[in-house]
Amino acid sequence: MTEKPVLVSLDGGVGRLVLNRPKAINALNDEMVDLMAAALRQWRDDDAVKAVVLSGAGERGLCAGGDIVSIHRDAKQLVESGGGDAEAAACPSAVFWREEYQLNSEIAKYPKPYVALMDGIVMGGGVGVSAHANTRIVTDRTRLAMPETGIGFCPDVGGTHLLSQIADNLGVYLGLTATSVNGADAVALGIADHYVLAADLDAFVAAITATSVDQAIAEFAQTPPESDLYAQRDWIREAFAADDVAEIIRRCEAVGTESADKAAATLRAKSPTTLAVTLRTLRNPLPTLDEALHREYRVSLRCVANHDMAEGIRAQVIDKDRNPSWNPADIAAVTPAIVDAFFAPLPDGLELTIVEP
């Protein structure tokens, strides 16, 4: 009998959600989102449930994101057919995003302790189901990122909301370069709350069941090591303060350090269009997560129908030649009108609707 892709259980008043596709690093699909949402809604008003703990099966990580191969199939078809907003909104990826973003919103508003164990790889959609939690645990194995610009996409699942709140332009740096951060970095940047050794996670969860979330944190949380990324905040603050991607690249190159040169080279390899769209988003933050999700949904639909997303996934995941052919290929050719089109209102009936729990 095939196991469910999310293992749902209740032990000692603690609801357990275990993402259970370890061979895919627990990448999210529609069934997983549905199972998580159903369990959280059932437990929300159940007085017997005192807390929820989210974790991932296997040794590699909590969650590597969404099902990129399925998204590529939709993107390729939309590009080849010239599909517009209506066609994009009807594709399976858009249906998935609507349910996923609804779940992200509900997690952020969850009225009970929702403890996300952000161990190992936590990327894209994995960030969405964990970094909006009220109790975010990272470890010495954490590798967290919003890697979307590398595949011609833009940060979603509320990632733009999280990144825009990080000081010193470090969120802009992470959103544009898609750089991964470790557990110490995540705590220093304010996108995680507590640092627990990976070897202690089983005992930590057992302590939650036996006592409480607060007592388990008091027993197992440690002071994280110094953050190497946070130590670089001075040059990042200045270089990523520009409102133009080309100027950010120029400033990085002018810094003259290995890290800054690497950032410049990384940006030159990304989709110029999605870099410009991502920068516009992060420079214009919205007050609430739901508003950010609403805007991200517009952008996601425009991305899935855009050449660069189909090409980016092809180069990185399908053919793995790591040589995408972006269109346009030069950041100077990305006009304000091209960027504006990603944010334009959708036709009536196609906008994202967040339903209050």
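Derivation of every value follows stated rules applied to the coordinates shown; laboratory data play no part. Everything numeric in this text was worked out from a predicted model, so none of it was measured. Cβ coordinates were reconstructed from backbone atoms using ideal geometry, including for glycine residues, and neighbour counts include every protein chain displayed.
Specify which of the listed residues (L62, L103) is buried (at least 18 other Cβ atoms within 10 Å of the Cβ) and assigned to a helix (DSSP H, G or I).
Details: L62 fails: assigned to a helix (DSSP H, G or I).
Every option except L103 fails the conditions.
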When restricted to A337, A344, the only residue surrounded by fewer than 13 Cβ atoms within 10 Å (Cβ to Cβ) and under 23 Å from the mean Cα position of the chain (by Cα) is A344
So, first residue over 17 Å from G124 (Cα atoms) in region 7-32, second residue of a type outside the set (A, V, I, L, M) and in a helix (DSSP H, G or I), Cβ within less than 8 Å, six or more apart or across chains; the pairs are L10/W43; D11/T209; G12/T209; G13/T209; V14/T209; G15/W43
Of the candidates A216, A207, A184, the one satisfying the condition of being assigned to a helix (DSSP H, G or I), over 23 Å from G126 (Cα atoms) and touching a strand residue (DSSP E or B) at 6+ places or on another chain (Cβ under 9 Å) is A216
Q. Being touching a helix residue (DSSP H, G or I) at 6+ places or on another chain (Cβ under 7 Å), touching a residue at least 12 places away in the same chain (Cβ under 8 Å) and surrounded by fewer than 13 Cβ atoms within 10 Å (Cβ to Cβ), is that true of even one residue in region 263-282?
A. no
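From A108, A86, A133, which residue is surrounded by 20 or more Cβ atoms within 10 Å (Cβ to Cβ) and either touching a Leu at 6+ places or on another chain (Cβ under 9 Å) or under 30 Å from D202 (Cβ atoms) (or both)?
Values: A108 fails: surrounded by 20 or more Cβ atoms within 10 Å (Cβ to Cβ); A86 fails: surrounded by 20 or more Cβ atoms within 10 Å (Cβ to Cβ).
Just a single option satisfies the conditions, and that option is A133.
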**Prompt:** Any chance region 312-328 includes a residue that's under 20 Å from H161 (Cα atoms) and not basic (K, R)?
**Reply:** no
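Name the single residue, out of those in region 15-29 being in a loop (DSSP other than H, G, I, E, B) and not aliphatic (A, V, I, L, M), that is surrounded by the most Cβ atoms within 10 Å (Cβ to Cβ).
First, the residues of region 15-29 that are in a loop (DSSP other than H, G, I, E, B): 20-21, 25-27, 29.
Still in the running and not aliphatic (A, V, I, L, M): 20-21, 26, 29.
On the way: N20: 18, R21: 22, N26: 29, N29: 17.
If we take residues in region 15-29 being in a loop (DSSP other than H, G, I, E, B) and not aliphatic (A, V, I, L, M), then N26 is surrounded by the most Cβ atoms within 10 Å (Cβ to Cβ).
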Every listed condition ((1) in a helix (DSSP H, G or I); (2) out of contact with any helix residue (DSSP H, G or I) (no Cβ under 7 Å at 6 or more places or on another chain); (3) closer than 24 Å to R73 by Cβ; (4) basic (K, R)) holds for K320 save (1)
Restricting attention to region 224-245, the residues that are surrounded by fewer than 17 Cβ atoms within 10 Å (Cβ to Cβ) and either more than 22 Å from T274 (Cα to Cα) or among the small types (G, A, S) (or both) number exactly 6
Going by what's in this entry, would V79 be described as outside any loop (DSSP other than H, G, I, E, B) and touching a Leu at 6+ places or on another chain (Cβ under 8 Å)?
no
Exercise for review: Return yes or no: is S325 outside any loop (DSSP other than H, G, I, E, B) and hydroxyl-bearing (S, T, Y)?
Suggested key: no
